[in-house]
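Below is one structure, written out as structure tokens, with a few remarks after it.
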């Protein structure tokens, strides 16, 4: 990737980890799934006025002209209902953003694509499209969506006309206050936004006056002007120059433009962000009735120290509380967190204990499968240790659940790290991988000799932990 894109991805992944990321979604995000752009929304309205939307640049005034001529907003309200009431599925970009730990969304769109994508990912959404909604918060919310220009279900309140924009700083003062606060505290990425909105310009200009160069850095995606999109060379050069000037002007507001050749590049960048972010979460899979070459105390100490080390180097752990393993994972992780509560958070430990009894319509195996799928999708790296259980007669057998977790991890693109010295399913996974190592480690073949070293039972517990954490750190560089 281009250096500026690479730098952005690194910075934004850090902002995600610190819960300091926000998204501003413009019409371009919704247009990708079939909703109209602002000019297309007003095309018929312009025709009614005897004007051409393609010749007009001040579309807010165009909307005002229509209200003036018709004596009200009924025509525009009807148009909003016609264009945005039809159901559409969120785009891949919506879904990626909804999976990421982004708690703040701002949009000028009327549609419900953002909230639908968040709901698809089982997140509790708090929607703000009226002033009164700003005064309360939905319990246990995962994300807030500020719809600063209204919602399709309440088109009569939509911000459309020049008069409404002129009065916005008074009628929607608290939205401006909230947006200003978020722009100070969070890193915004603007997607599908043209930067012609007077309300946003009002906020950005005042923040620039107050904070200047000390303002927080923000980013926006902009499609680079393409010669193929223009009928003649002169028009292409004109628009290219205009774009260059606009990009330069955005720097005043600490907004860095990220140029892409085409819109699918944005999806590729968001995928890379997601991939890198989830690599900071480590799934620890394992269960144990016995511990091979270690006695129980030694093994528990090893698991404890491994989990503590992972947390101490600023990664997260997700664990299904496997028998004989889960308690040591929790204790090690919490010890690291409580040693430095100013630097670490309980959010770094995600525990997903398995349901033990089938209830409702789903049987227990079906519930476990669904649970594993969701749990493993939270991580980008999977560590496998031990993997045995006692059958009904007390015989020690391989834990098929750990093997299933390996299969799911591979399906979901996680990088597997089997610690073969712990034996049982972890060793089986190692042997399976070594038959076709490049299938699992394309581009990161350096990991293979380290895994081979981890097979040795003569390696001390401390050395094993150092090697595992060195893999994790290197994978996240």
Practice item. Report, by residue number, each residue of region 325-340 that is in contact with a helix residue (DSSP H, G or I) (Cβ under 7 Å, 6 or more places away or on another chain) and not in a helix (DSSP H, G or I). Key: 325
**Study point:** Residues being part of a loop (DSSP other than H, G, I, E, B) and either surrounded by 14 or more Cβ atoms within 10 Å (Cβ to Cβ) or touching a residue at least 12 places away in the same chain (Cβ under 8 Å) (or both) - total across region 435-448
**Key:** 3
Review point. When region 384-406 is examined, which residues are found to be part of a loop (DSSP other than H, G, I, E, B) and touching a residue at least 40 places away in the same chain (Cβ under 8 Å)?
Key: 387, 399
Exercise for review: Check off (1) under 28 Å from residue 440 (Cβ atoms); (2) at pLDDT 85 or above for residue 321 and give me the number that stays unchecked.
Suggested key: (2)
**Study point:** Residue check, residue 244 assigned by TED's automatic domain parsing to the domain that holds residue 189, in contact with a helix residue (DSSP H, G or I) (Cβ under 9 Å, 6 or more places away or on another chain) and either closer than 19 Å to residue 5 by Cβ or touching a residue at least 40 places away in the same chain (Cβ under 8 Å) (or both)
**Key:** no
Review point. For region 268-281, how many residues meet the condition of being over 30 Å from residue 307 (Cβ atoms) and surrounded by fewer than 17 Cβ atoms within 10 Å (Cβ to Cβ)?
Key: 1
**Study point:** Residues of region 287-299 that turn out to be in a helix (DSSP H, G or I) and buried (at least 20 other Cβ atoms within 10 Å of the Cβ), as a count
**Key:** 1
Exercise for review: Restricting attention to region 134-149, report how many residues are surrounded by fewer than 17 Cβ atoms within 10 Å (Cβ to Cβ) and in contact with a strand residue (DSSP E or B) (Cβ under 8 Å, 6 or more places away or on another chain).
Suggested key: 5
**Study point:** Residue identified as more than 19 Å from the chain's Cα centre (by Cα) and either surrounded by 14 or more Cβ atoms within 10 Å (Cβ to Cβ) or farther than 19 Å from residue 146 by Cα (or both) among 77, 102
**Key:** 77
Check your understanding: Based on what the data block shows, is residue 68 surrounded by fewer than 18 Cβ atoms within 10 Å (Cβ to Cβ), free of Cβ contacts under 8 Å to residues at least 60 places away in the same chain and under 15 Å from the mean Cα position of the chain (by Cα)?
Key -> no
Check your understanding: Restricting region 18-53 to residues that are at pLDDT below 80 and not in a loop (DSSP other than H, G, I, E, B), which is surrounded by the most Cβ atoms within 10 Å (Cβ to Cβ)?
Key -> 41
Exercise for review: Confirm whether residue 284 is out of contact with any helix residue (DSSP H, G or I) (no Cβ under 6 Å at 6 or more places or on another chain) and either free of Cβ contacts under 8 Å to residues at least 40 places away in the same chain or crowded, with 18+ Cβ neighbours inside 10 Å (or both).
Suggested key: no
**Study point:** Residue list for region 250-263, filter: assigned to a helix (DSSP H, G or I) and surrounded by 12 or more Cβ atoms within 10 Å (Cβ to Cβ)
**Key:** 250, 252, 253
Check your understanding: In region 449-476, what residues are surrounded by 15 or more Cβ atoms within 10 Å (Cβ to Cβ) and either in a helix (DSSP H, G or I) or in contact (Cβ under 8 Å) with a residue 40 or more places away in the chain (or both)?
Key -> 451, 461, 464, 465, 467, 468, 469, 471, 472, 475, 476
Review point. Only one residue in 194, 214, 180, 205 is touching a helix residue (DSSP H, G or I) at 6+ places or on another chain (Cβ under 7 Å) and more than 29 Å from residue 122 (Cβ to Cβ). Which one?
Key: 180
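For every residue, the table says whether it meets (1) within 24 Å of residue 60 (Cα to Cα); (2) not in a helix (DSSP H, G or I).
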| position | (1), (2) |
| --- | --- |
| 181 | no, no |
| 201 | yes, no |
| 210 | no, no |
| 213 | no, no |
| 219 | no, yes |
| 225 | no, yes |
| 228 | no, no |
Point to revise | residue 152 being surrounded by 18 or more Cβ atoms within 10 Å (Cβ to Cβ), over 30 Å from residue 245 (Cα atoms) and in contact (Cβ under 8 Å) with a residue 60 or more places away in the chain | key: yes
Review point. Could you say whether any residue in region 194-214 is buried (at least 17 other Cβ atoms within 10 Å of the Cβ) and within 24 Å of the chain's Cα centre (by Cα)?
Key: yes
**Study point:** Hits in region 412-434 - residues which are surrounded by fewer than 16 Cβ atoms within 10 Å (Cβ to Cβ) and at pLDDT below 95
**Key:** 413
Review point. Could we say that residue 166 is modelled with pLDDT of 90 or more, out of contact with any helix residue (DSSP H, G or I) (no Cβ under 6 Å at 6 or more places or on another chain) and assigned to a helix (DSSP H, G or I) here?
Key: no
Check your understanding: Got a sec? Which of 113, 160, 131 is assigned by TED's automatic domain parsing to the domain that holds residue 27, crowded, with 20+ Cβ neighbours inside 10 Å and farther than 23 Å from residue 189 by Cβ?
Key -> 160
Study note, to complete from the structure: For region 217-241, the count of residues that are in contact with a helix residue (DSSP H, G or I) (Cβ under 7 Å, 6 or more places away or on another chain), modelled with pLDDT of 90 or more and more than 30 Å from residue 186 (Cβ to Cβ) equals 1
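The values are calculated or read from the model by the stated rules, or taken from the named source; none is laboratory data. Everything numeric in this text was worked out from a predicted model, so none of it was measured. Virtual Cβ from ideal backbone geometry, glycine too; neighbours counted across all protein chains shown.
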